[in-house]
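Only the coordinates and a few stated rules stand behind these numbers; no lab work does. All values derive from a computational prediction rather than experimental measurement. All Cβ positions, even for glycine, are placed from backbone atoms using ideal geometry, and neighbour counts span all protein chains on display.
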């Protein structure tokens, strides 16, 4: 759990705390921790878990990813969020993020594939992330690398694999204890820079 800083009277708990109504903060409130990571306080419309990327709408309400969508995204901080609850979503800095593999039908990627960005030569294709074309349960971002390519889709801009990403961590299974938000995929260390979903066509 990260402790938040920079507020004159303090925040009502760290980033791993789940809140219910009445909410202690207005959705959209931003905060930073001592490492400079930035978070936004959001409500949730769907059950979700820590490390899951979610779509953030203009009212700062989060939904799990689907096969379509545009706009701001972030990574959930607290485990086992349910609908009508609220909590912190990370939008800047270093985080662990759940992923699935584009090259194996939306399953857990191999360490060499998911960590291709930081572990191969600079001439190799860096890992990119985009929305899945078919839903998993729950859905998350697909990892593209040099072994898999696509010329168009809804890509996550502002997310890159961290240079010190540990390939062994890709095999870790995330958050399997919450029946309402189970995820059997993998995780990878990433850098966030106010990420967003945008449709891109590299074939034009």
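Key figures for this structure:
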| quantity | calculated |
| --- | --- |
| Where labels lie 7 Å past Cα in the beta-carbon direction, separation of residue 135 and residue 59 in nm | 2.1 nm |
| Pairwise label distance in nanometres, residue 199 with residue 82, each label 7 Å out on the Cα-Cβ vector | 3.7 nm |
| Volume in Å³ per residue [convex hull over Cα atoms, computed for the range 1-62] | 98 Å³ |
| Order by protection proxy (mean Cβ within 10 Å, highest first), peptides 31-43, 50-62 | 50-62, 31-43 |
| Distance-filtered residues of the range 71-89 - backbone nitrogen under 11 Å, label point 7 angstrom along residue 29 Cα→Cβ | 87-88 |
